[in-house]
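Okay, structure first, notes after.
Readers should treat all values here as calculations from the given coordinates under stated rules, not as data from a laboratory. Worth saying up front: this structure is predicted, and the values here are computed from it rather than measured. Neighbour counts are summed over all protein chains in view; Cβ atoms, including those assigned to glycine, are modelled from backbone coordinates with ideal geometry.
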Amino acid sequence: MPGTLFVVATPIGNLEDITLRALRILKEVDLIAAEDTRHTRKLLSHYKISTPLVSYHDHNKEIRAPELISKLQKKINIALVTDAGTPSISDPGFFLVCRAIEADIPIVPIPGVCAAITALSVSGLPSDKFLFVGFLPRKKNKRIEVLQGLKGETKTIIFYESPRRLLATLSELTDIVGDRKGALARELTKHYEEIIRGRLSQIVETVSNRESIKGECTLLIEGKREEEDTSQPLFVEQLHRLQNDPNISLKDAVKIVVEEQGLPRNRVYREALKIWRG
């Protein structure tokens with residue numbers, strides 16, 4: 001029999017968020033394949049685990065994966081870990097798992113923390129059905145294409161995003177899917193853990209007032225509601241009614257409609273201009 005590949009979930013921040021089984025496996029295997037050996041060594045040192053480490057990441061996976069498969073075929077047991085959370089979820093571990101399946105290597109999951117599920121559990125958004133998207137494309141045109149394809153999705157949608165691209169993604173989401181309810185989870189399980197809930201425009205306003213945004217981000221938005229299909233004529237009628245009130249300006253009317261109907265501000269503003277100009 002060949003060795004076993006153990007897919008081991010590790011903490012996403014707090015080092016106490018690891019199972020007893022995971023700690024036992026990390027002690028018992030012959031080798032640990034880690035995305036960042038320096039990062040994983042901190043975890044192992046904390047729990048006094050001395051198992052040898054080897055790097056396995058997105059830049060060396062095509063070379064390292066065959067080496068690891070060869071070791072597994074020689075009855076060497078290997079634990080696969082990522083920097084944080086569950087390997088192969090938006091992670092190069094997927095590549096190794098597929099190679100192990102092809103080679104008929106036994107694979108055993110050692111479950112634990114996952115940032116997407118952790119964030120969903122406290123988001124306040126529907127959790128019975130959800131769609132995990134992971135990281136969006138870095139190029140704007142491809143990112144827009146993906147977001148356009150999600151416009152009609154009725155399930156809660158979960159993204160991973162870097163702090164550098166967060167504001168751009170939030171703005172694009174608001175323009176494309178509307179000002180839906182959402183939640184931003186940042187620095188989960190760490191000292192500066194933060195969860196911001198509200199409409200996308202409110203989340204944008206909160207984070208845009210900061211000098212910098214730090215930590216990996218998990219972004220969730222509610223799915224499309226059935227009533228959104230009929231919301232356009234309703235919001236146009238509402239704008240007409242508001243225009244007839246001499247105490248309400250175009251700017252006020254746009255704000256009222258956006259807040260009440262959760263539509264993109266740009267869309268409401270364009271329609272309001274047509275109405276106010278006659």
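Looking at the stretch 1-57, the trypsin sites (Lys or Arg not before Pro) that sit in a DSSP loop and have at most 10 other Cβ atoms within 10 Å of their own Cβ are Lys48.
Here's the picture: charge each Lys and Arg Cβ at +1 and each Asp and Glu Cβ at -1 in the stretch 116-224, and of Ser121, Ile196, Thr169 the one pushed furthest to the positive end of that dipole is Thr169.
Remark: the chain carries a charge dipole of roughly 600 debye about the Cα centre, counting +1 on each Lys and Arg Cβ and -1 on each Asp and Glu Cβ. Label reach from Glu102 (point 7 Å along Cα→C-beta): in the stretch 56-90, amide nitrogens under 17 Å belong to 57-73.
The gain in end-to-end length when the Val54 to Lys139 segment is fully stretched comes to 27.4 nm, 0.36 nm per residue minus the alpha carbon separation. Of interest is the spacing of the C-alpha centroids, which for the stretch 1-56 and the stretch 149-187 amounts to 32 Å.
The Stokes-Einstein estimate for the stretch 5-113, based on a Kirkwood radius over Cα pairs and taken at 20 °C with 1.002 mPa s viscosity, is a diffusion coefficient of 159 µm²/s.
So for the chain, averaging the separation of alpha carbon pairs under 8 Å that are six or more residues apart and normalising by length, what relative contact order in percent results? Relative contact order comes out at 17 percent.
For the chain, with the dipole built from +1 on Lys and Arg beta-carbon atoms and -1 on Asp and Glu ones, taken about the Cα centre, which of Ile256, Ile110, Pro92 lies farthest toward the positive end? Sorting the options by dipole projection puts first Pro92.
Bridging of Lys140 to lysines at a Cα separation below 20 Å is possible for Lys151, once same-chain residues fewer than 8 apart are set aside.
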